[in-house]
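Below is one structure, written out as structure tokens; the observations come after it.
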Amino acid sequence: MRDWIIIQPSSPSPVERRITEYCERTGIPRDVLMGRTRRRAVAWARQELMLDLHILDGLSFAKIGRKLNRDHTTVMHGVRAAASRQERKRSQCMYKNSVAPVGTVTGPAGRAVSR
């Protein structure tokens, strides 16, 4: 009598799930995101994914590079570039919210002062 081994399909790793979720959220197909295209929209999305994998999942640059078929120095650049863009975007939002309307005079505490 033979013994049969039933092999259960393994669930995707957390990294694979994050990549899949990111593709669904951005609408960029996985093969395009993982491919070699250097179009700005795709490259920036890929860099944001690199940042998420590094910050949220704690992966090293080398591990991210292996998952995305990139050199670790490319991943380092991508993480820095995405973080810089996010910081710039955050500071612009803070600036827009802190600027008084044109013609408004502000006092020392930054509050509008009537004339």
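Structure summary
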item: Pair list, Cβ under 7 Å, 6 or more apart: the range 75-87 residue closer than 19 Å to Leu33 by Cα and touching a residue at least 12 places away in the same chain (Cβ under 8 Å), other residue assigned to a helix (DSSP H, G or I) and of a type in the set (Lys, Arg); result: Gly78/Arg46
item: Exclusive hit being at pLDDT 95 or above, farther than 19 Å from Thr37 by Cβ and crowded, with 18+ Cβ neighbours inside 10 Å, set His72, His54; result: His54
item: Search result, residues across the range 33-51 that are buried (at least 16 other Cβ atoms within 10 Å of the Cβ) and farther than 14 Å from Pro14 by Cβ; result: Leu33, Met34, Val42, Ala45, Arg46, Gln47, Glu48, Met50, Leu51
item: Test: Ala41 is closer than 22 Å to Gln86 by Cα and touching a Ser or Thr at 6+ places or on another chain (Cβ under 8 Å); result: no
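The values are calculated or read from the model by the stated rules, or taken from the named source; none is laboratory data. Since the structure is predicted, the reported quantities are computational estimates derived from the model, not experimental observations. Reconstructed Cβ throughout: ideal geometry from the backbone, glycine too, with neighbour counts over all protein chains shown.
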